[in-house]
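The values are calculated or read from the model by the stated rules, or taken from the named source; none is laboratory data. Nothing here was measured: the structure is a model prediction, and the numbers come from that model. Cβ coordinates were reconstructed from backbone atoms using ideal geometry, including for glycine residues, and neighbour counts include every protein chain displayed. Areas reflect the complete protein model, heavy atoms only, side chains present, ligands, DNA and RNA absent. Shrake-Rupley method; radii C 1.70, N 1.55, O 1.52, S 1.80 Å.
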Amino acid sequence: KNEDSQKFALQFLQLGFKEMGQEKVLQYLDEKYAKIASQCKDDKNKQAFDLRMAGYKALQKGSNAPNIKWVAANGKEFSLKDLKTDKVLVVFWATWCPHCLETMPKINKWAKENQNVSVLAISLDVDFKEYQKKAIEFDQMYHYCDYKQWDSKPVVDYYVYGTPTMILIDKNKIIESKFTSEKELFEYFNNSAN
């Protein structure tokens, strides 16, 4: 019943689950204990909490997906709206993220086997050479990187605070689901195929 203990415990759990990439658990804690979290006196933690809450609302299932524009290697401009497949998977990743480097080859292989889904890989990289080297390997995806890391417009528009993050969008550009691992993604498609 001690308020200070509640706040400490909540902040400890929020930070831990955020660091572990357990976004669904973090979202549950944020929403279930929003009253306690909103009383946080630390401006930085309060701001991060408010941003996560805005992101949960903006990116919930059934919401319009924010548009993304990029220029392909050939100089042609594209937009999320130009992708006419049944679904679009937007993957936020980076070469400095070890989990991403394990995940991206699996998603690239999956993309080759699932041509009805376009994959847009948005990198949070700042190193041009490292990004280019890896992007070439992932040849089944569209690629976007503006080298602004967390300040990149798509990263901000999609409230991304951890990599990898995957957002599935339907053909009408409506958010269908969100994943933090390729395992969740593959299970989702395996279950929807049955």
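Of all DSSP bridge pairs formed entirely within the chain, close to 60 percent run antiparallel.
When the alpha carbon gyration tensor of the stretch 100-143 is reduced to an equivalent ellipsoid, its three semi-axes come out at 19, 10, 8 angstrom, largest first.
Within the shell of other residues whose beta carbon sits under 14 angstrom from the beta carbon of Q140, the net charge comes to 0, with Lys and Arg scored +1 and Asp and Glu -1. Each label point was placed 7 Å from the Cα along the Cα-to-Cβ direction; for D139 and N2 their separation is 6.1 nm. Exposure check, 1.4 Å probe, all protein chains in place: V25 carries approximately 50 Å² of accessible surface. Residues whose amide H falls under 5 Å from that of H143, counting only those 5 or more places apart or on a different chain, are A121, with hydrogens built in the peptide plane. Averaged per residue, the chain has 59 square angstrom of accessible surface, using a 1.4 angstrom probe with ligands and nucleic acids left out.
In sequence order, the stretch 151-156 has phi-based couplings of 8, 4, 4, x, 5, 5 Hz under the Karplus curve 6.51 cos²θ - 1.76 cosθ + 1.60, θ = phi - 60°, and Gly or Pro positions carry x.
Normalised radius of gyration for the stretch 38-115, please: alpha carbon Rg relative to 2.2 N^0.38 Å, two decimal places.
Relative to the 2.2 N^0.38 Å estimate, the stretch 38-115 comes out at 1.49.
Between K87, K76, K171, where does the largest GNM mean-square fluctuation fall for the chain, given springs only between Cα atoms within less than 10 Å? Looking only at K87, K76, K171, the largest GNM fluctuation is found for K76. Using a Gaussian network model of the chain in which every pair of alpha carbons under 10 angstrom is joined by a spring, one finds that among N74, N108, N45 the greatest mean-square fluctuation is at N74.
Past 31 Å, Cα to Cα, is the threshold; run K7/K183; K32/K106; K1/K61; K32/K133; K87/K133; K35/K81 against it and keep the listed order. The pairs that break the limit, which is 31 Å between Cα atoms, are K7/K183; K32/K106; K1/K61; K32/K133; K35/K81.
Between Y188 and K24, the modelled label-to-label distance comes to 1.1 nm, taking each label 7 Å out from Cα in the direction of the beta carbon. When the alpha carbon gyration tensor of the chain is reduced to an equivalent ellipsoid, the three semi-axes, largest first, read 31, 18, 16 Å. Radius of gyration over Kirkwood radius for the stretch 88-194, both on Cα atoms: the Rg/Rh ratio is 0.94. Between K46 and D170, full extension at 0.36 nm per residue minus the direct alpha carbon distance yields a gain of 41.4 nm. Kirkwood radius and radius of gyration were both taken over the C-alpha atoms of the stretch 128-173, and their ratio Rg/Rh is 0.99. Out of the total accessible area of the stretch 84-194 (probe 1.4 Å, heavy atoms of protein only), what percent is carbon and sulfur? Accessible surface attributable to carbon and sulfur in the stretch 84-194 totals 50 percent. In this structure the amide hydrogen of L83, modeled in the peptide plane, comes within under 5 Å of no amide hydrogen from residues 5 or more places off or on another chain.
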